[in-house]
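Step one of this worksheet: look at the structure below.
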Amino acid sequence: MRAALVLAHRYVGLLLAGFLLLAGVTGSVLAWYEELDAAVNPRLFHVAPPADGAVPPDPLRLRELVAEALPAARVDFVPLLRRQGEAVFFLVAPKPGAALENDQVFVNPHSGELLGGRRWGDIGQGSTNLLPFIYRLHYSLALDTAGTTLLGIVALLWAIDCWVGAALTFPARRHRSGKPWLARWWPAWQVRRGTSAYKLQVDLHRAGGLWPWAMLFIIAWSSVGFNLQVVYDPVMRAMFAHQPAEELLPRRATPQAQPGMSWEAALANGRRLMRDAAAARGATVLEETLLRYDPGTATFRYVVKSSADIRDRYGSTAVVFDANTGEPRFHWWPTGGAAGDTIRTWITSLHLAALWGMPFKAFMCVLGLAVAVLSVTGVVIWQRKRQGRRATQARPTPPGISNAH
(Lines give C-alpha, C1' and ligand atoms only; values in the text may rest on other atoms or scores of the structure.)
Protein backbone atom coordinates (compact mmCIF):
# COMPACT_ATOMS: atom_id res chain seq x y z
CA MET A 1 0.00 0.00 0.00
CA ARG A 2 2.77 2.44 0.89
CA ALA A 3 4.57 1.78 -2.39
CA ALA A 4 1.35 2.55 -4.28
CA LEU A 5 0.84 5.76 -2.32
CA VAL A 6 4.43 6.83 -3.02
CA LEU A 7 3.92 6.32 -6.76
CA ALA A 8 0.58 8.16 -6.68
CA HIS A 9 2.05 11.09 -4.75
CA ARG A 10 5.10 11.25 -6.99
CA TYR A 11 3.35 11.33 -10.34
CA VAL A 12 0.29 13.32 -9.31
CA GLY A 13 2.68 15.83 -7.74
CA LEU A 14 4.71 16.07 -10.94
CA LEU A 15 1.53 16.49 -12.98
CA LEU A 16 0.26 19.29 -10.74
CA ALA A 17 3.55 21.06 -9.95
CA GLY A 18 3.39 23.70 -12.69
CA PHE A 19 -0.27 24.47 -12.07
CA LEU A 20 0.21 24.77 -8.32
CA LEU A 21 3.29 26.94 -8.77
CA LEU A 22 1.24 29.38 -10.84
CA ALA A 23 -1.76 29.16 -8.49
CA GLY A 24 0.43 29.70 -5.43
CA VAL A 25 2.23 32.76 -6.79
CA THR A 26 -0.92 34.39 -8.21
CA GLY A 27 -2.89 33.49 -5.08
CA SER A 28 -0.25 35.19 -2.97
CA VAL A 29 -0.80 38.39 -4.96
CA LEU A 30 -4.59 38.04 -4.92
CA ALA A 31 -4.68 37.99 -1.13
CA TRP A 32 -4.33 41.77 -1.58
CA TYR A 33 -6.55 41.99 -4.68
CA GLU A 34 -8.68 44.98 -3.70
CA GLU A 35 -5.80 46.95 -2.22
CA LEU A 36 -3.53 46.37 -5.22
CA ASP A 37 -6.29 47.00 -7.78
CA ALA A 38 -7.06 50.35 -6.14
CA ALA A 39 -3.34 51.20 -5.99
CA VAL A 40 -2.85 50.46 -9.69
CA ASN A 41 -6.05 52.31 -10.69
CA PRO A 42 -6.49 55.20 -8.26
CA ARG A 43 -8.55 57.24 -10.73
CA LEU A 44 -11.17 54.48 -10.83
CA PHE A 45 -11.32 53.61 -7.16
CA HIS A 46 -10.60 56.77 -5.17
CA VAL A 47 -12.89 59.81 -4.98
CA ALA A 48 -12.82 63.04 -3.02
CA PRO A 49 -15.25 63.22 -0.09
CA PRO A 50 -18.47 65.17 -0.74
CA ALA A 51 -18.65 68.86 -0.02
CA ASP A 52 -20.32 69.87 3.22
CA GLY A 53 -24.07 69.89 2.81
CA ALA A 54 -24.00 68.16 -0.57
CA VAL A 55 -26.74 65.61 -1.12
CA PRO A 56 -25.37 62.66 -3.15
CA PRO A 57 -27.63 60.95 -5.68
CA ASP A 58 -29.24 57.77 -4.44
CA PRO A 59 -28.10 54.40 -5.92
CA LEU A 60 -31.04 54.16 -8.32
CA ARG A 61 -30.33 57.63 -9.66
CA LEU A 62 -26.72 56.55 -10.25
CA ARG A 63 -28.08 53.65 -12.26
CA GLU A 64 -30.09 56.06 -14.40
CA LEU A 65 -26.98 58.18 -15.00
CA VAL A 66 -25.03 55.13 -16.16
CA ALA A 67 -27.91 54.06 -18.44
CA GLU A 68 -28.07 57.57 -19.93
CA ALA A 69 -24.31 57.65 -20.52
CA LEU A 70 -24.31 54.17 -22.09
CA PRO A 71 -27.48 53.82 -24.22
CA ALA A 72 -26.25 50.50 -25.66
CA ALA A 73 -25.93 48.95 -22.18
CA ARG A 74 -28.23 47.00 -19.93
CA VAL A 75 -27.73 48.16 -16.33
CA ASP A 76 -29.18 45.31 -14.28
CA PHE A 77 -26.78 45.64 -11.34
CA VAL A 78 -26.99 48.37 -8.70
CA PRO A 79 -24.37 48.61 -5.91
CA LEU A 80 -26.00 49.82 -2.70
CA LEU A 81 -22.96 49.88 -0.42
CA ARG A 82 -21.01 53.12 -0.17
CA ARG A 83 -17.79 53.83 1.67
CA GLN A 84 -16.18 57.19 2.26
CA GLY A 85 -13.62 58.05 -0.41
CA GLU A 86 -14.41 54.99 -2.58
CA ALA A 87 -16.02 54.81 -6.01
CA VAL A 88 -18.74 52.29 -6.79
CA PHE A 89 -18.83 50.11 -9.88
CA PHE A 90 -21.73 48.96 -12.04
CA LEU A 91 -21.74 45.77 -14.09
CA VAL A 92 -23.21 46.35 -17.54
CA ALA A 93 -24.03 44.11 -20.51
CA PRO A 94 -24.83 44.98 -24.14
CA LYS A 95 -28.41 45.19 -25.25
CA PRO A 96 -29.41 42.70 -27.98
CA GLY A 97 -27.64 43.62 -31.19
CA ALA A 98 -25.41 46.21 -29.51
CA ALA A 99 -21.74 46.15 -28.51
CA LEU A 100 -19.93 47.56 -25.49
CA GLU A 101 -16.28 48.34 -24.96
CA ASN A 102 -16.46 47.71 -21.20
CA ASP A 103 -18.47 45.61 -18.77
CA GLN A 104 -17.46 47.47 -15.58
CA VAL A 105 -18.22 51.17 -15.09
CA PHE A 106 -16.89 53.18 -12.13
CA VAL A 107 -18.92 56.06 -10.70
CA ASN A 108 -18.33 58.73 -8.07
CA PRO A 109 -21.20 58.05 -5.63
CA HIS A 110 -21.08 61.60 -4.30
CA SER A 111 -21.44 63.41 -7.61
CA GLY A 112 -22.64 60.84 -10.12
CA GLU A 113 -19.58 61.46 -12.33
CA LEU A 114 -18.51 58.50 -14.50
CA LEU A 115 -14.83 57.87 -13.77
CA GLY A 116 -14.12 55.29 -16.46
CA GLY A 117 -14.59 51.64 -17.27
CA ARG A 118 -12.87 48.42 -18.25
CA ARG A 119 -13.59 45.02 -19.73
CA TRP A 120 -12.77 42.96 -16.67
CA GLY A 121 -9.71 40.78 -17.16
CA ASP A 122 -8.81 42.01 -20.66
CA ILE A 123 -5.07 42.62 -20.36
CA GLY A 124 -5.18 44.23 -23.80
CA GLN A 125 -6.49 47.34 -22.04
CA GLY A 126 -3.20 47.62 -20.16
CA SER A 127 -2.49 48.05 -16.46
CA THR A 128 -6.15 48.89 -15.79
CA ASN A 129 -6.77 45.15 -15.93
CA LEU A 130 -3.54 43.90 -14.38
CA LEU A 131 -5.13 42.55 -11.19
CA PRO A 132 -8.23 41.15 -12.94
CA PHE A 133 -5.94 39.40 -15.43
CA ILE A 134 -3.93 37.86 -12.59
CA TYR A 135 -7.28 36.75 -11.16
CA ARG A 136 -8.18 35.11 -14.49
CA LEU A 137 -4.82 33.34 -14.55
CA HIS A 138 -5.43 32.08 -11.03
CA TYR A 139 -8.80 30.46 -11.59
CA SER A 140 -8.86 29.68 -15.32
CA LEU A 141 -5.35 30.17 -16.78
CA ALA A 142 -7.07 33.04 -18.68
CA LEU A 143 -8.68 30.32 -20.85
CA ASP A 144 -12.26 30.88 -19.68
CA THR A 145 -14.45 27.75 -19.48
CA ALA A 146 -11.81 25.24 -20.60
CA GLY A 147 -9.26 26.64 -18.17
CA THR A 148 -11.77 26.72 -15.34
CA THR A 149 -12.57 23.03 -15.85
CA LEU A 150 -8.90 22.10 -16.16
CA LEU A 151 -8.00 23.84 -12.89
CA GLY A 152 -11.05 22.24 -11.28
CA ILE A 153 -9.61 18.82 -12.14
CA VAL A 154 -6.22 19.96 -10.84
CA ALA A 155 -7.88 21.06 -7.58
CA LEU A 156 -9.64 17.70 -7.22
CA LEU A 157 -6.39 15.78 -7.68
CA TRP A 158 -4.69 18.15 -5.23
CA ALA A 159 -7.41 17.60 -2.62
CA ILE A 160 -6.94 13.83 -2.89
CA ASP A 161 -3.16 14.18 -2.87
CA CYS A 162 -3.34 16.19 0.36
CA TRP A 163 -4.50 13.02 2.11
CA VAL A 164 -1.97 10.84 0.30
CA GLY A 165 0.90 13.16 1.22
CA ALA A 166 -0.15 13.27 4.86
CA ALA A 167 -0.44 9.48 5.01
CA LEU A 168 3.11 9.10 3.71
CA THR A 169 4.45 10.98 6.73
CA PHE A 170 2.89 8.50 9.17
CA PRO A 171 5.33 6.13 10.91
CA ALA A 172 4.65 2.41 11.25
CA ARG A 173 2.03 1.60 13.87
CA ARG A 174 4.53 -0.48 15.78
CA HIS A 175 8.28 -0.07 16.10
CA ARG A 176 10.96 -2.00 17.97
CA SER A 177 12.01 1.19 19.75
CA GLY A 178 8.78 1.10 21.72
CA LYS A 179 8.27 4.87 21.33
CA PRO A 180 4.68 6.08 21.11
CA TRP A 181 3.32 6.63 17.61
CA LEU A 182 3.03 10.42 18.02
CA ALA A 183 6.62 10.66 19.27
CA ARG A 184 7.80 8.86 16.15
CA TRP A 185 5.65 11.11 13.93
CA TRP A 186 7.01 14.34 15.45
CA PRO A 187 10.29 14.36 13.42
CA ALA A 188 8.22 14.65 10.24
CA TRP A 189 7.06 18.06 11.47
CA GLN A 190 10.58 19.35 11.98
CA VAL A 191 13.26 20.91 9.77
CA ARG A 192 16.69 19.62 10.69
CA ARG A 193 19.57 22.04 11.07
CA GLY A 194 23.06 21.62 9.72
CA THR A 195 22.08 19.07 7.08
CA SER A 196 22.74 18.94 3.34
CA ALA A 197 20.78 21.09 0.90
CA TYR A 198 18.91 18.01 -0.30
CA LYS A 199 17.83 16.94 3.19
CA LEU A 200 16.75 20.51 3.87
CA GLN A 201 14.51 20.40 0.80
CA VAL A 202 13.05 17.07 1.94
CA ASP A 203 12.28 18.54 5.37
CA LEU A 204 10.79 21.71 3.90
CA HIS A 205 8.58 19.66 1.60
CA ARG A 206 7.39 17.31 4.34
CA ALA A 207 7.03 19.74 7.26
CA GLY A 208 5.86 22.51 4.94
CA GLY A 209 2.97 20.30 3.91
CA LEU A 210 2.08 19.17 7.43
CA TRP A 211 1.92 22.44 9.36
CA PRO A 212 -0.60 24.18 7.06
CA TRP A 213 -2.23 20.90 5.98
CA ALA A 214 -5.78 21.84 7.00
CA MET A 215 -5.62 25.14 5.11
CA LEU A 216 -4.08 23.49 2.06
CA PHE A 217 -6.94 21.00 1.93
CA ILE A 218 -9.51 23.78 2.44
CA ILE A 219 -7.99 25.73 -0.47
CA ALA A 220 -7.97 22.63 -2.68
CA TRP A 221 -11.53 21.56 -1.87
CA SER A 222 -12.96 25.09 -2.10
CA SER A 223 -11.27 25.34 -5.52
CA VAL A 224 -13.24 22.26 -6.54
CA GLY A 225 -16.34 24.14 -5.36
CA PHE A 226 -15.42 27.18 -7.46
CA ASN A 227 -14.34 25.36 -10.63
CA LEU A 228 -15.82 21.86 -10.67
CA GLN A 229 -19.30 22.01 -9.22
CA VAL A 230 -20.25 18.85 -11.09
CA VAL A 231 -18.11 17.04 -8.49
CA TYR A 232 -18.40 19.34 -5.47
CA ASP A 233 -22.20 19.64 -5.36
CA PRO A 234 -23.11 15.90 -5.44
CA VAL A 235 -20.46 15.09 -2.82
CA MET A 236 -21.47 17.85 -0.42
CA ARG A 237 -25.20 17.40 -0.94
CA ALA A 238 -24.86 13.71 -0.18
CA MET A 239 -23.30 14.56 3.20
CA PHE A 240 -24.94 17.84 4.24
CA ALA A 241 -28.25 19.65 3.97
CA HIS A 242 -28.47 22.71 1.72
CA GLN A 243 -30.98 25.51 1.41
CA PRO A 244 -33.17 25.39 -1.71
CA ALA A 245 -31.97 28.16 -3.98
CA GLU A 246 -31.17 28.36 -7.69
CA GLU A 247 -33.09 25.18 -8.48
CA LEU A 248 -36.23 27.17 -7.63
CA LEU A 249 -35.51 29.56 -10.53
CA PRO A 250 -36.21 27.88 -13.88
CA ARG A 251 -34.76 29.75 -16.84
CA ARG A 252 -37.28 31.38 -19.16
CA ALA A 253 -37.36 30.30 -22.80
CA THR A 254 -37.29 34.00 -23.72
CA PRO A 255 -35.59 36.38 -21.29
CA GLN A 256 -37.77 39.18 -19.95
CA ALA A 257 -35.85 42.30 -20.91
CA GLN A 258 -37.45 44.62 -18.35
CA PRO A 259 -38.84 43.86 -14.88
CA GLY A 260 -42.57 44.24 -14.37
CA MET A 261 -42.08 46.50 -11.35
CA SER A 262 -39.99 49.63 -11.15
CA TRP A 263 -36.54 49.58 -9.63
CA GLU A 264 -37.81 51.81 -6.81
CA ALA A 265 -40.60 49.35 -6.04
CA ALA A 266 -38.16 46.44 -6.25
CA LEU A 267 -35.77 48.04 -3.75
CA ALA A 268 -38.62 48.78 -1.34
CA ASN A 269 -39.94 45.22 -1.73
CA GLY A 270 -36.51 43.69 -1.15
CA ARG A 271 -36.02 45.75 1.99
CA ARG A 272 -39.43 44.69 3.33
CA LEU A 273 -38.92 41.00 2.58
CA MET A 274 -35.44 41.03 4.12
CA ARG A 275 -36.58 42.93 7.20
CA ASP A 276 -39.40 40.44 7.81
CA ALA A 277 -37.16 37.41 7.22
CA ALA A 278 -34.46 38.75 9.51
CA ALA A 279 -36.97 39.46 12.26
CA ALA A 280 -38.35 35.91 11.96
CA ARG A 281 -34.84 34.43 12.34
CA GLY A 282 -33.62 36.84 14.99
CA ALA A 283 -30.99 38.15 12.56
CA THR A 284 -29.83 41.74 12.11
CA VAL A 285 -29.40 43.54 8.78
CA LEU A 286 -26.13 45.48 8.99
CA GLU A 287 -25.87 47.14 5.55
CA GLU A 288 -27.12 46.80 2.00
CA THR A 289 -24.89 45.30 -0.68
CA LEU A 290 -26.65 45.24 -4.06
CA LEU A 291 -29.85 44.87 -6.07
CA ARG A 292 -29.71 42.88 -9.28
CA TYR A 293 -32.23 41.94 -11.97
CA ASP A 294 -31.94 38.65 -13.89
CA PRO A 295 -33.81 38.70 -17.23
CA GLY A 296 -33.35 34.94 -17.60
CA THR A 297 -35.51 34.19 -14.54
CA ALA A 298 -37.38 37.52 -14.28
CA THR A 299 -36.30 37.89 -10.66
CA PHE A 300 -34.64 40.47 -8.47
CA ARG A 301 -31.91 39.55 -5.98
CA TYR A 302 -31.58 41.88 -3.01
CA VAL A 303 -28.37 41.26 -1.04
CA VAL A 304 -27.32 42.58 2.37
CA LYS A 305 -24.68 41.99 4.98
CA SER A 306 -26.37 40.52 8.02
CA SER A 307 -25.39 38.97 11.32
CA ALA A 308 -25.33 35.65 9.41
CA ASP A 309 -22.43 36.90 7.29
CA ILE A 310 -18.82 36.27 8.31
CA ARG A 311 -16.82 38.16 5.68
CA ASP A 312 -15.10 41.45 6.45
CA ARG A 313 -16.50 43.22 3.42
CA TYR A 314 -19.76 42.85 1.54
CA GLY A 315 -22.56 40.48 2.40
CA SER A 316 -24.23 37.48 0.80
CA THR A 317 -27.49 37.23 2.74
CA ALA A 318 -30.11 37.39 0.00
CA VAL A 319 -33.77 37.37 -0.88
CA VAL A 320 -34.83 36.55 -4.44
CA PHE A 321 -38.29 37.61 -5.54
CA ASP A 322 -40.44 37.70 -8.66
CA ALA A 323 -39.79 40.83 -10.70
CA ASN A 324 -43.44 41.10 -11.73
CA THR A 325 -45.38 40.23 -8.59
CA GLY A 326 -42.83 40.83 -5.84
CA GLU A 327 -43.51 37.39 -4.37
CA PRO A 328 -40.44 35.83 -2.67
CA ARG A 329 -38.89 32.81 -4.34
CA PHE A 330 -36.35 32.03 -1.60
CA HIS A 331 -34.16 33.50 1.13
CA TRP A 332 -30.51 32.49 1.38
CA TRP A 333 -28.45 32.68 4.58
CA PRO A 334 -24.67 32.29 4.37
CA THR A 335 -24.52 30.63 7.81
CA GLY A 336 -27.17 29.09 9.99
CA GLY A 337 -29.49 28.17 7.12
CA ALA A 338 -28.10 24.69 6.34
CA ALA A 339 -24.86 22.91 7.24
CA GLY A 340 -23.68 22.54 3.63
CA ASP A 341 -24.09 26.26 2.94
CA THR A 342 -22.39 27.20 6.20
CA ILE A 343 -19.40 24.99 5.32
CA ARG A 344 -19.19 26.46 1.84
CA THR A 345 -19.34 30.02 3.19
CA TRP A 346 -16.49 29.31 5.60
CA ILE A 347 -14.17 27.51 3.18
CA THR A 348 -14.71 30.00 0.34
CA SER A 349 -14.23 32.94 2.72
CA LEU A 350 -10.98 31.42 3.94
CA HIS A 351 -9.86 30.82 0.36
CA LEU A 352 -10.58 34.45 -0.56
CA ALA A 353 -8.85 35.83 2.56
CA ALA A 354 -12.12 37.62 3.32
CA LEU A 355 -11.92 37.14 7.11
CA TRP A 356 -10.07 38.69 10.04
CA GLY A 357 -8.57 41.65 8.23
CA MET A 358 -4.97 42.31 7.27
CA PRO A 359 -3.34 39.62 9.47
CA PHE A 360 -5.19 36.84 7.66
CA LYS A 361 -4.46 38.39 4.25
CA ALA A 362 -0.77 38.31 5.19
CA PHE A 363 -1.10 34.65 6.26
CA MET A 364 -2.77 33.70 2.96
CA CYS A 365 -0.10 35.60 1.03
CA VAL A 366 2.61 33.54 2.77
CA LEU A 367 0.59 30.35 2.28
CA GLY A 368 0.43 30.99 -1.48
CA LEU A 369 4.21 31.22 -1.55
CA ALA A 370 4.38 28.02 0.53
CA VAL A 371 2.33 26.21 -2.12
CA ALA A 372 4.84 27.38 -4.72
CA VAL A 373 7.75 26.16 -2.54
CA LEU A 374 6.10 22.75 -2.03
CA SER A 375 5.72 22.41 -5.80
CA VAL A 376 9.36 23.29 -6.48
CA THR A 377 10.81 21.15 -3.70
CA GLY A 378 8.68 18.20 -4.80
CA VAL A 379 10.14 18.35 -8.30
CA VAL A 380 13.70 18.79 -6.96
CA ILE A 381 13.33 15.76 -4.66
CA TRP A 382 11.99 13.65 -7.53
CA GLN A 383 14.88 14.75 -9.76
CA ARG A 384 17.50 13.87 -7.13
CA LYS A 385 15.99 10.46 -6.49
CA ARG A 386 15.74 9.84 -10.22
CA GLN A 387 19.43 10.67 -10.64
CA GLY A 388 20.27 8.35 -7.74
CA ARG A 389 18.33 5.47 -9.28
CA ARG A 390 20.04 5.98 -12.64
CA ALA A 391 23.46 6.10 -11.00
CA THR A 392 22.73 2.83 -9.20
CA GLN A 393 21.57 1.14 -12.40
CA ALA A 394 24.66 2.34 -14.28
CA ARG A 395 27.13 1.13 -11.61
CA PRO A 396 29.09 -1.92 -12.88
CA THR A 397 28.39 -5.25 -11.18
CA PRO A 398 31.38 -6.61 -9.20
CA PRO A 399 32.95 -9.84 -10.60
CA GLY A 400 31.34 -12.99 -9.35
CA ILE A 401 28.00 -11.40 -8.49
CA SER A 402 25.07 -12.19 -10.73
CA ASN A 403 22.76 -9.42 -11.86
CA ALA A 404 19.96 -11.67 -10.72
CA HIS A 405 21.05 -10.97 -7.15
message = Under a Cβ-only charge scheme (Lys and Arg +1, Asp and Glu -1), can you give me the dipole magnitude of the stretch 1-100 about the Cα centre, in debye to the nearest 20?
response = 500
ask   = So which of Lys179/Lys385; Lys305/Lys361; Lys95/Lys361 end up more than 31 Å apart, counting from Cα to Cα?
value = Lys95/Lys361
note = Filtering trypsin sites (Lys or Arg not before Pro) in the stretch 197-296 by DSSP loop and by at most 13 other Cβ atoms within 10 Å leaves Arg251, Arg252
query = Placing +1 at every Lys and Arg Cβ and -1 at every Asp and Glu Cβ, with all other atoms neutral, what dipole size does the stretch 248-405 have around its Cα centre, in debye to the nearest 20?
reply = 1140
Selection of trypsin sites (Lys or Arg not before Pro), the stretch 105-188, meeting DSSP coil and at most 12 other Cβ within 10 Å = Arg173, Arg174, Arg176
task = Let me know the charge dipole size of the chain about its Cα centre in debye, to the nearest 20, where only the beta-carbon of Lys, Arg (+1) and Asp, Glu (-1) is charged.
result = 2920
key: Unit charges at the beta carbon, dipole of the stretch 41-150: most positive-side option, Pro59, Pro49, Leu100   = Leu100
Positive-end extreme of charge dipole, the chain - chosen from Tyr302, Leu210, Ala3 (charges on Cβ) = Ala3
ask   = For the chain, what is the accessible area per residue in Å², given a 1.4 Å probe and the full set of protein chains?
value = 53
note = For Thr148 and Trp163, extending 7 Å from Cα along the Cα-Cβ vector and measuring point to point gives, in nm, a value of 2.7
query = If packing is taken as the mean number of other Cβ atoms within 10 Å per residue, what is the order of 33-44, 186-197, highest first?
reply = 33-44, 186-197
task = For the chain, calculate the relative contact order in percent as a whole number, restricting contacts to Cα pairs under 8 Å that are 6 or more residues apart.
result = 18
ask   = Carbon-plus-sulfur fraction of the accessible area of the chain, 1.4 Å probe, in percent?
value = 63
message = Please give me the summed charge of the neighbours of Asn108: other residues whose Cβ is under 11 Å from its Cβ, Lys and Arg +1, Asp and Glu -1.
response = 0
key: Loop-resident sites, the stretch 46-130, for GluC sites (Glu not before Pro), counting at most 15 other Cβ within 10 Å (DSSP)   = Glu101, Glu113
ask   = What relative contact order, as a whole-number percentage, does the stretch 295-392 give when Cα pairs under 8 Å and 6 or more residues apart are counted?
value = 18
request  = Using +1 at the Cβ of each Lys and Arg and -1 at the Cβ of each Asp and Glu in the chain, identify which of Val379, Ala167, Thr195 lies farthest towards the dipole's positive end.
outcome  = Thr195
ask   = How big is Rg to Rh over the chain, alpha-carbon atoms, Rh as the Kirkwood inverse-mean-distance radius?
value = 1.07
query = Top mean-square fluctuation among Met239, Met261, Met358, Gaussian network model of the chain, C-alpha springs under 10 Å?
reply = Met239
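The values are calculated or read from the model by the stated rules, or taken from the named source; none is laboratory data. Predicted model, so just to flag it, every value in this text is computed and none were measured. Using ideal geometry, Cβ is built from the backbone for each residue, glycine included, and neighbour counts are taken over all protein chains shown. Just the protein is used for accessible areas: all its heavy atoms, side chains included, with ligands, DNA and RNA removed. Shrake-Rupley method; radii C 1.70, N 1.55, O 1.52, S 1.80 Å.
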